[in-house]
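Engineer: Input: one structure, supplied below.
Coordinate-derived values only; no laboratory data. Since we're looking at a predicted model, the values are computed, not measured. Reconstructed Cβ throughout: ideal geometry from the backbone, glycine too, with neighbour counts over all protein chains shown.
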Amino acid sequence: MEEIEIKFAVKDTKIITEKLRKLGFRVTVGRHLEKNYLLDDHDGNLQKAGKVFRIRKTPSGRTLTYKGPISAASKLKHREEIECRIEDADILLPMFEQSGFKIRTEYSKHRTVFEKNGFEISLDETEAGNYLEVEGPSDADITKLGEKLGYSETDFVRRTYAELIGEKRSG
């Protein structure tokens with residue numbers, strides 16, 4: 001399945017939440033803590049290829065996700081995403097580690113999810129700052145919604161949370 005998304009930096013979470021509510025978005029998953037574990041082989045080949053292999057823990061469940069490289073053909077982020085629920089991340093993580101994978105990056109964030117008409121918007125509070133991650137049906141629809149929220153193409157953030165948090169930690 002193809003994922004189409006973009007991030008926007010958020011200065012004030014209360015203001016952006018109010019804008020989303022005024023546009024008819026409703027909270028479908030309340031604010032919660034997510035823990036993310038990005039796995040890679042010893043040489044970092046997945047990261048070098050722009051791919052992500054992730055285990056995510058949330059209060060409502062655990063998922064295993066593969067993401068392909070980000071397409072350079074669009075200003076938004078287009079990439080393949082394959083995801084499935086898993087029963088026990090605490091068992092699966094050591095299984096991957098014993099198979100030659102290691103946790104390359106580990107980070108947590110608080111997330112609130114809003115939905116409306118084919119859009120899923122996550123308000124993410126991370127150690128690298130707060131971001132609005134907008135997933136939608138098309139580049140044009142996402143761009144138009146961004147404009148309604150006060151953003152333009154110059155505000156697009158294509159970097160991943162692993163990159164943003166890595167920069168924050170090393171800087």
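Engineer: Take Asp139 and Ala89, extend 7 Å from each Cα along the Cα→Cβ direction, and tell me the distance between the two endpoints in nm.
Structural biologist: Distance between the two pseudo-spin positions: 3.3 nm.
Engineer: Round to the nearest 10 and give me the degree value, 0 to 90, for the angle of helix 13-22's Cα axis relative to the longest principal axis of the chain.
Structural biologist: 60
Engineer: Hey, how many Å between the Cα centroid of segment 136-163 and the Cα centroid of segment 59-125?
Structural biologist: Between the Cα centres of segment 136-163 and segment 59-125 lies a distance of 19 Å.
Engineer: Another one. Beyond 27 Å between alpha-carbons counts as too far, so tell me which of Lys48/Lys144; Lys14/Lys48; Lys57/Lys168; Lys14/Lys51 fall in that bin.
Structural biologist: Details: Lys48/Lys144 33 Å; Lys14/Lys48 37 Å; Lys57/Lys168 22 Å; Lys14/Lys51 33 Å.
As for pairs spanning more than 27 Å Cα to Cα, those are Lys48/Lys144; Lys14/Lys48; Lys14/Lys51.
Engineer: At 222 nm, what value in deg cm²/dmol follows for the chain if DSSP H runs of at least 4 each add -39500 (n - 2.57) and the sum is divided by all its residues, to the nearest 500? Numbers along the way, then the final one.
Structural biologist: On the way: 5 runs with 44 residues, N = 171.
It lands at -7000 deg cm²/dmol.
Engineer: In cubic angstrom, how much convex hull volume per residue do the alpha carbon atoms of segment 2-170 span?
Structural biologist: Details: hull volume 19.9 nm³, N = 169.
Spread over its residues, the Cα hull of segment 2-170 gives 118 Å³ apiece.
Engineer: 7 Å from Cα along Cα→Cβ at both Ala72 and His42: what's the point-to-point distance in nm?
Structural biologist: 3.1
Engineer: With +1 on each Lys and Arg Cβ and -1 on each Asp and Glu Cβ, how big is the dipole of segment 61-171 about its Cα centre, in debye rounded to the nearest 20?
Structural biologist: Values: 17 positive and 22 negative charges, 52 e Å.
Dipole about the Cα centre, nearest 20: 240 debye.
Engineer: Turning to a different aspect of this structure: Per the Kirkwood formula on distinct C-alpha pairs, the Rh of segment 30-107 is how many angstrom? Walk me through the intermediate numbers first.
Structural biologist: On the way: mean 1/r = 0.0746 Å⁻¹.
Taking the inverse mean of 1/r over all distinct Cα pairs, segment 30-107 comes out at 13.4 Å.
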